[in-house]
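Let me begin by presenting the structure, written as C-alpha cells, before commenting on it.
The values are calculated or read from the model by the stated rules, or taken from the named source; none is laboratory data. What you see is a predicted model; the values in this text were computed from it and never measured. When we count neighbours, we look across all protein chains shown, and the Cβ atoms used for this are built from the backbone with ideal geometry, even at glycine.
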Amino acid sequence: MFKHVLVTGGAGFIGSHMVDLLLEKGYKVRVYDNLEPQVHGNISEPPAYLSREAEFIRGDVLDRDAFKKALEGVDAVVHDAAMVGVGQSQYQIFRYTNVNTTGTAILLDILVNEKTSVERLLVASSMSIYGEGYYKRPSDGAFVCPILRPDEQMEKKDFEMHDADTGEVLQPVPTPESKPLYCTSIYALSKKDQEEYCLVAGRAHNLSTIACRYFNVYGPRQALSNPYTGAAAIFSSRIKNSNPPLIYEDGKQCRDFINVRDIVEAKLFLLENPKANLDFYNICTGKPASIGELARMLCRLNGRPDIEPQVVYSFRSGDIRHCYGDASKLAALGWRSRIQLEDGLRELVEWTAQQEAVDKVDQAHKELVERGLIKG
C-alpha cells in the first residue's frame, strides 16, 4: 500500500478533490502546482479550499530541479497538471504542447533516471483523444468509427454524423477504450502524448502506470472565470451574470458528464487496485446528455428559467458531434459512477452561489472568430 502521494496540479479543480480524498483515507499528501493565473487568478498563496493538511510546493512542471525535489520521498504520483481547453489549444500550440507533453516527459525522465521511491503513476488522460465517438449504422447494425464532419456539411446546418458509404445518419453508442484514437485538437493530441509517454515508459522501466481517460468533468471548484474550462462551469458563469449560455451547433450534441467526486473515487480505486496496471480506463457514467439539456437544467436549477440558451448554429473547428463513454472496463474491476447528473449539478449550483464569476465567454468567442476557428 502506498503511503505518500504527490498530486501535480493538486491546487486545481480535480487535483484538490483528489487531495481531499487521499487525506481522508489516511495518505500523506504533497501538492505540486504553479497556481496558473488563468485558473486561479493572480494569487500568491494556495486557494482557500486546498487542505492545509497537505504539503504545498509551488512549482512548474517545466522546472526539472523543482520537480525532482517535489518527488523526493513519495511512492505514488497522481499527475493532473496540464493546460486545459480545446479551443484555446488550437492557437496556443506551443504552450499546450510544452506544458502537457514536455512537462510529462520531464516527470518521466526524472522517474527513470534518478533514484526515486515512486512505485505507481496515475496520469490524467481525456476522452478528447477519441475524437468522434463510436457509432452504429442503422441499416445493418455495423459499428463505425467516423472522423471529422466536413465543413461543407456543417455550413448547411447539418450537424449530425453521416455514414461515409450510405449517407445515413449514424446512431451514437457508448465509446469503448478499444476505439481507434483520432485527435481533433492540439489539446487532445497533448493528452494522448501524456498517456502514451507514461505507458511506454512504464512498460520499459517496470513502473506501474495507469491512464485515466476523463470524460466531461463538472463540480465545485471548477474555474468559473476561465472561458476554456468545462461546459457546466462556463454555462454557470454565464447564468450567474444573467447571460444566456452560448451553445455552438444546434445544442443536440451529446457528452458524458461526470461529477468530480466520482472521478477522484475512481482514481483512488485504480491507485489501490493491483489488477490495474499498464492500462487505460474510461472514467465516465456511460449515460449521454446533450449540451442543450445541460444548459437548460442549469438555468432551471439556478432559478433562472427566464434565461434561454443562445444557440448560435455556428461551429468550432475540430469539435466533435457525439461522444459518451463505455463504462464496462472499469466496472469489470468493480467500480461504477454513482452521482446522477441533476444531483451533481444541484451541488455545483449551490457552490457557485457563493462564488464570484467573471464572464469572459464573449471575449473568448471573439478570439476564436478572429482566428478563423468559428465557422458557419
Q: Test residue 121 against the stated conditions and say whether it is farther than 30 Å from residue 254 by Cα and either without any contact (Cβ under 8 Å) to a residue 60 or more places away in the chain or not in a helix (DSSP H, G or I) (or both).
A: yes
Q.
Cβ-Cβ under 7 Å, sequence separation 6+ or interchain: first residue in region 298-313 and closer than 22 Å to residue 249 by Cα, partner among the basic types (Lys, Arg). Which pairs?
A. 309/296; 313/157
Q: For region 294-303, indicate whether the set of residues that are at pLDDT 95 or above, over 14 Å from residue 231 (Cα atoms), within 17 Å of the chain's Cα centre (by Cα) and not in a helix (DSSP H, G or I) is non-empty.
A: no
Q.
For region 189-231, which positions are crowded, with 21+ Cβ neighbours inside 10 Å, out of contact with any Leu (no Cβ under 7 Å at 6 or more places or on another chain) and not in a loop (DSSP other than H, G, I, E, B)?
A. 190, 191, 194, 195, 213, 214, 216, 217
Q | Residue match in region 90-109 (condition: surrounded by 23 or more Cβ atoms within 10 Å (Cβ to Cβ), in contact (Cβ under 8 Å) with a residue 40 or more places away in the chain, in contact with a Gly (Cβ under 7 Å, 6 or more places away or on another chain) and in a helix (DSSP H, G or I)) | A | no
Q: Being surrounded by 24 or more Cβ atoms within 10 Å (Cβ to Cβ), part of a strand (DSSP E or B) and either of a type in the set (Gly, Ala, Ser) or in contact (Cβ under 8 Å) with a residue 40 or more places away in the chain (or both) is the filter here, so list the residues in region 1-34 that pass it.
A: 5, 6, 7, 8, 32, 33
Q | Subset of region 124-181 (residues that are at negative phi, in contact (Cβ under 8 Å) with a residue 60 or more places away in the chain and over 24 Å from the mean Cα position of the chain (by Cα)) | A | 151, 154, 155
Q. Which of the residues that make up region 328-376 are assigned to a loop (DSSP other than H, G, I, E, B) and in contact with a strand residue (DSSP E or B) (Cβ under 8 Å, 6 or more places away or on another chain)?
A. 337, 339, 373, 376
Q) Of everything in region 233-258 that's charged (D, E, K, R) and not in a loop (DSSP other than H, G, I, E, B), which residue is modelled with the highest pLDDT? A) 255
